[in-house]
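The values are calculated or read from the model by the stated rules, or taken from the named source; none is laboratory data. What you see is a predicted model, and the numbers here were worked out from it, not measured in a lab. Don't worry about glycine lacking a Cβ; one is built from the backbone with ideal geometry, like all the others, and counts go over all protein chains shown. For accessibility, only protein heavy atoms count, side chains too; no ligands or nucleic acids. Shrake-Rupley method; radii C 1.70, N 1.55, O 1.52, S 1.80 Å.
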Amino acid sequence: MKGPLALSIGWRFYRARQSNSFISFISFASTAGIALGVAVLIVVLSAMNGFERELEQRLLGVIPQADIVGVNEPIVDWQIVAQGALQIEGIRGAAPFIRMQGLVQKPGGFQGLSVVGIAPEEEAKVSTLAQFMTDESWQSLAQDDNHIVLGKSLLKKLGLEIGDTLALYVQDMDPENAGSLRAAKSHRFVVSGVYALGGELELTTAYIPMRYAAQILNLHSGVTGVRISVDQLFDAPAKVRELGYAQKQSVYISDWTRTQGHLYQDIQLVRTVMYLVLVLVIGVACFNIVSTLVMAVRDKASEIAILMTMGLSRLSIMGIFMVQGALNGLLGCGLGGIIGISVALNLSGIASTIEQLLGIELLSADVYFVDFLPSELHATDAILVITMAFVMSLIATLYPAWKASQIGPAQALAGR
């Protein structure tokens with residue numbers, strides 16, 4: 001009966017504590033602090049999960065996860081390279097591409113543009129680019145015409161519409177001296193489509209049919225390189241090295257950890273820093289539980305003495321005050337969990353509403369790889385945060401509960 005009795009008396013003391021306004025305020029502050037820390041930590045972890053998801057599915061689904069590029073000459077037998085790539089365990093797709101740098105005229109000057117020639121039937125094996133444009137835009141890249149698909153942000157920046165033409169200055173390859181470049185030449189392209197990916201990529205990358213790109217650079221059947229997709233993103237460096245070392249010609253080896261790895265590292269750094277900061281916030285709130293219980297012990301010293309003279313053990317006295325602190329922690333964790341989960345599930349919509357109401361842009365496409373605030377709630381994160389906060393609040397009750405059990409009945413009653 002010690003457990004239920006301690007629980008019953010602890011609950012009575014917890015309710016009676018509300019009559020003391022100062023103790024009640026400190027109790028409210030500790031509960032609110034725990035709730036705030038838990039809620040914000042769940043929201044922050046969900047946002048970091050969202051950024052990781054968008055990095056993997058959106059950005060790394062479009063840009064090469066890994067690729068090999070010919071050093072001073074194009075890769076002629078790209079089909080053989082692609083077949084060799086598929087023989088490596090962990091590589092699930094390979095596709096050729098032709099990449100060139102160009103200048104496109106915009107109001108007030110020129111802008112650098114990375115132009116990638118792709119073959120849609122091959123590109124679909126390694127990229128999710130088709131998901132971010134219409135079928136008409138995607139199919140226009142399968143033709144041999146001078147079509148170009150621009151990012152939505154770049155199309156708006158240039159003041160163009162689908163069907164308009166633009167001049168692109170590209171350095172031509174010298175057909176008599178493979179690998180060397182001649183002076184830049186202007187090429188006319190028809191805007192055949194637009195892709196809406198969000199982020200900086202829309203402003204810096206355009207897509208054209210691969211066969212037309214080969215005509216511009218006089219590559220004939222050759223390509224700039226071969227890109228691959230892998231089953232596990234973090235295996236990309238090892239897999240592309242294995243593929244590159246198997247080639248007979250000299251090639252450059254690259255993977256997403258070199259081109260976009262800083263984004264992943266930034267996400268992990270922010271996650272770690274915010275986790276530590278908010279755990280400290282929860283810790284400070286738990287210290288308020290110590291203050292609350294210390295004052296409660298002083299306020300209930302005579303009651304404790306009477307209970308001890310009636311035969312209640314010191315262990316049960318500790319249980320009474322641990323129950324009071326645990327109720328504070330439980331209430332804070334519960335409220336924080338409910339608020340945090342609710343906000344995390346609707347974070348993107350909430351951020352969008354704030355942008356519309358205040359007329360501000362929380363994430364700029366010119367700076368970040370996404371132009372919205374993503375969120376992905378993991379049940380394990382929520383359970384971990386709530387459990388951690390409750391354990392911390394429970395630990396905070398140990399010292400004041402122990403002090404309560406050390407009260408001498410005679411001295412406490414004499415002091416009354």
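Okay, here's what the table says:
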| read-out | value |
| --- | --- |
| Subset of the range 101-116 (residues that are open to solvent by 10 Å² or more (accessible area, probe 1.4 Å), of a type in the set (A, V, I, L, M, F, W, C) and either touching a Ser or Thr at 6+ places or on another chain (Cβ under 8 Å) or within 12 Å of Leu141 (Cα to Cα) (or both)) | Val116 |
| Test: residue in the range 81-98 that is open to solvent by 50 Å² or more (accessible area, probe 1.4 Å), among the β-branched types (Val, Ile, Thr), over 23 Å from Gly199 (Cβ atoms) and assigned to a helix (DSSP H, G or I) | no |
| Enumeration of residues in the range 199-223 that are surrounded by fewer than 23 Cβ atoms within 10 Å (Cβ to Cβ), more than 24 Å from Arg58 (Cβ to Cβ) and of a type in the set (Val, Ile, Thr) | Ile216 |
| Where Asp144 falls short, out of the listed (1) out of contact with any Phe, Trp or Tyr (no Cβ under 7 Å at 6 or more places or on another chain); (2) surrounded by fewer than 14 Cβ atoms within 10 Å (Cβ to Cβ) | (1) |
| Test result for Ser250, among the hydroxyl-bearing types (Ser, Thr, Tyr) and either open to solvent by less than 70 Å² (accessible area, probe 1.4 Å) or at positive phi (or both) | no |
| Among the residues listed as Glu355, Glu361, the single one being at pLDDT below 85 and assigned to a helix (DSSP H, G or I) | Glu355 |
| Test set (1) open to solvent by 20 Å² or more (accessible area, probe 1.4 Å); (2) touching an Asp or Glu at 6+ places or on another chain (Cβ under 9 Å) - Val71 fails condition number | (2) |
| Within the range 376-415, tally of residues that are at pLDDT 90 or above and not in a helix (DSSP H, G or I) | 3 |
| Residue tally, condition out of contact with any Pro (no Cβ under 6 Å at 6 or more places or on another chain) and over 21 Å from Tyr275 (Cα atoms), over the range 38-85 | 29 |
| Number of the exception - Ala285 against (1) surrounded by fewer than 17 Cβ atoms within 10 Å (Cβ to Cβ); (2) farther than 30 Å from Ile118 by Cβ | (1) |
| Test: residue in the range 117-130 that is assigned to a strand (DSSP E or B) and buried (at least 21 other Cβ atoms within 10 Å of the Cβ) | yes |
| In the range 304-349, the residues that are at pLDDT 85 or above and open to solvent by 70 Å² or more (accessible area, probe 1.4 Å) | Leu330, Leu331, Leu335, Ile338, Ile339, Leu345, Asn346 |
| Answer residue from the range 250-270, given it is at pLDDT 85 or above and of a type in the set (Val, Ile, Thr) and is farthest from Ala47 (Cα to Cα) among those | Val251 |
| Residues that are open to solvent by 50 Å² or more (accessible area, probe 1.4 Å) and at pLDDT 80 or above, drawn from the range 1-39 | Phe28, Leu36 |
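Every residue, every condition in (1) of a type outside the set (A, V, I, L, M, F, W, C); (2) at pLDDT below 90; (3) over 30 Å from Glu136 (Cβ atoms), yes or no:
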residue	(1), (2), (3)
Leu166	no, yes, no
Arg182	yes, yes, yes
Val190	no, no, no
Arg241	yes, no, yes
Tyr245	yes, no, yes
